[in-house]
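Below is one structure, written out as structure tokens, with a few remarks after it.
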Amino acid sequence: MTSSGGIAIEGVSKQFGGSQGVTALDGIDLNISGGEFVAIVGPSGCGKSTLLRIVGGLLEPTSGHVYVGGKTSGQARRDVEFGFVFQQPTLFPWLRVLGNVLLPDRVLGRRNPNNGPNSKDIAQELLRDVGLEGFEDHYPGQISGGMQQRVALARALSYGPNTLLMDEPFGALDEFTRDRLNLQLLEVCNKTGSTVLFVTHSIQEAIFLADRVVMLSPRPGRITRVAEVPFPKPRTLEIRYEPGFAALAGELRGLLVGDDDIELAMNQP
Amino acid sequence: MSSIRKRSRVVDVLLRVLPSVVIFALCLVAWELWVNIRDVPAYLYPSPSDIGKELRDEGLSLAVDDLRWTMTEAVLGFLLGSAVALFTGIVFVHAKFLERVFFPWAIVLQTVPIVAVAPLLTIWFGFTLTPKVLIAALICFFPVLVNATKGLRSISSQAVELMSILSASKWSLFWRVRIPSSLPYVFAGLKVASTLSVIGAIVAEFTGADRGIGFVIIQASYRLDTRLMFAGIALSSAAGVVFFNIIGALERLALRWPDARLDR
């Protein structure tokens, strides 16, 4: 595993709409080491996507700092050190699957460390890793939502970013597809050794994927708990039936029930 | 296998076109019968066969002398109006302030009746090509502008964030995301404009011209030569249909991805 630079989140707060506005995040402190997989869990509206965008340098915090591998997040973004997978696949419908995976290469040109005569081979290998061999020439409109999201994952990895930021990437998919993609994600991350910050509202998904799970409370978004996940990697889907898994899931769910979002917490899978 | 598939595609196309052809033919037959049975005066309602004879006798010279001229005006106007509209749309999308200032002017341009503007332009530019091209351009401008602006704005905030994560320049965002996303909308606008441009050229010819289908129709109307008028109408609308379908074919070439075309 090649270790990449970690992420240091120091006292990050975010207000929207001026001084009278909503406090989305309040005093977030979190250290993530290089190569670590951290999941952020919380109910809708707790600011977890906002936190992800601040780490990725897409949003400025109202106060506090984020350092990624020693650089500010804005500088890290300009140096193209992030891969981002959105809630929607966000593929370009006019490009074929291979074209979408090669988009970063076309945009970055020589700035892409994977640029060169073999950038196409790298893209094809990534598509093979996410199980899409043979679909290179399909348009996004011709493949399923789960396949589209896998293309988005391959695209995010195609230029070898140190840090992968994922914003509920599998939230819109059915359970079976989600399980399969979770396994593929762990495999791919094991191979690349990237640092991953993964936002989800599913406690189960978070525990299954992450080395640490960060619980966020809503309005204002505060960290209520950081839990170490005691299962070694590589993992199989069966760990979800171990007693330790259920115990941790129950404990984390209990944190949500303490809030006024009981209904939402009960709906967690 | 492949020949069967090919033939079935031809049959498909025929079946799709056939109903409208049959209904059109039935209308012509009914018209013909009505004119013959009721014995209506030919100078008021010429029968389709009369118009057909007129087209056979005069059609070629009409097409070569006048339709060619009218379509030149229409196509030049279409190109000018669409180009200005695309440019304006690009400016609007990048400078909201300019859009606030100038979009009302675009609406004014659209609501001014072209029948009223055409004589003015004829006074200014004489019996030349210029006023016809300008009127055709004027009538094409608005639908292309509205569609282009909407299309250039049709990108998702996530697509913008994606390009930002890739540290892409504004230029790259424009060429790689905005332009391709706008194409379906732009073509929808261009198709509307293609049919309007022929109307614009003909209306402009009404107000002062020495050739063109509009000129022929207005001259024929002074002589109550309704057969020639109908012949002119038939030729110009046929040319409009051809123009529309050329733009449609270009659209099919440009928009190859699934569900790209807006009007399907």
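The values are calculated or read from the model by the stated rules, or taken from the named source; none is laboratory data. Please read these numbers as outputs of a predicted model, since none were measured by experiment. Glycine gets a Cβ as well: all are built from the backbone with ideal geometry, and neighbour counts include every protein chain shown. Just so you know, the surface numbers come from the protein's heavy atoms only, side chains and all, with ligands and any DNA or RNA stripped out. Shrake-Rupley method; radii C 1.70, N 1.55, O 1.52, S 1.80 Å.
Taking label positions 7 Å along the Cα-Cβ direction at both B:SER154 and B:THR72, the computed distance is 3.6 nm, reported to one decimal. The A-B contact accounts for approximately 2000 Å² of buried accessible area, totalled over both chains at a 1.4 Å probe radius. With N as its number of residues, the protein assembly as shown has a Cα radius of gyration that, divided by 2.2 N^0.38 Å, comes to 1.34. Over chain B, the Kirkwood radius and the radius of gyration, each from Cα atoms, give a ratio Rg/Rh of 1.07. With contributions of -39500 (n - 2.57) from each DSSP H run of at least four residues, the per-residue ellipticity at 222 nm computed over chain A stands at -10500 deg cm²/dmol.
With each label modelled as a point 7 angstrom along the Cα→C-beta vector, the B:TRP124-B:LEU224 pair spans 3.9 nm.
Averaged over the residues of peptide B:164-174, the number of Cβ atoms from other protein chains lying within 10 Å of each residue's Cβ is 6.
Note on B:ASP57 and B:VAL91: with the Förster distance fixed at 60 Å, the Cβ-Cβ geometry gives a FRET efficiency of about 0.75. Partners of B:LYS170 within straight-line reach, counting aspartates and glutamates whose Cα lies under 14 Å from its Cα and excluding those fewer than 8 residues away in the same chain: B:GLU161.
Taking every protein chain into account, the accessible area of the protein assembly as shown amounts to 49 square angstrom per residue (probe 1.4 Å).
Counting, for every residue in A:112-124, the Cβ atoms of other protein chains within 10 Å of its Cβ and taking the mean gives 0. Rg and Dmax of chain A, based on Cα coordinates, read 18.3, 56 Å. In the structure shown, the pairs A:LYS120/A:LYS233; A:LYS71/A:LYS191; A:LYS120/B:LYS191; B:LYS96/B:LYS132 are assessed against 28 Å; a Cα-Cα span above that value is assigned to A:LYS120/A:LYS233; A:LYS120/B:LYS191; B:LYS96/B:LYS132.
A straight line joining the Cα centroids of the stretch A:1-61 and the stretch B:28-82 runs 70 Å. For the stretch A:27-72, a reduction of at least 40 Å² in accessible area between the chain on its own and the assembled protein chains (probe 1.4 Å) is found at A:LEU58. Surface composition of chain B: carbon and sulfur make up 70 percent of the accessible area, probe 1.4 Å. Annotation: peptides A:80-90, A:182-192, ranked by per-residue average of other Cβ atoms within 10 Å with the highest first, follow the order A:80-90, A:182-192. Centroid-to-centroid, using Cα positions, the stretch A:173-237 and the stretch A:78-122 are 24 Å apart. Taking the protein heavy atoms of chain A in the context of the full set of protein chains, the accessible area attributed to carbon and sulfur is 49 percent at 1.4 Å. If I require 18 Å or longer along the helix axis, counting alpha carbons, and a Kyte-Doolittle average no lower than 0.5, what helices from chain B are left? Use full DSSP H segments. Both cut-offs are met by B:2-38, B:68-94, B:96-111, B:129-152, B:179-206, B:226-254. Between the beta carbons of A:LEU183 and A:ARG219, assuming R0 = 41 Å, the FRET efficiency works out to 0.75 to the nearest 0.05.
Neighbouring Cβ atoms from other chains, within 10 Å of the Cβ of residues in A:103-110, number 4 on average.
Largest GNM mean-square fluctuation across A:PRO161, A:PRO117, A:PRO104, computed for chain A with C-alpha springs under 10 Å, falls on A:PRO117. Quick one: angle between helix A:119-129 and the longest Cα principal axis of chain A, in degrees between 0 and 90, rounded to 10, please. Between helix and principal axis, roughly 50 degrees.
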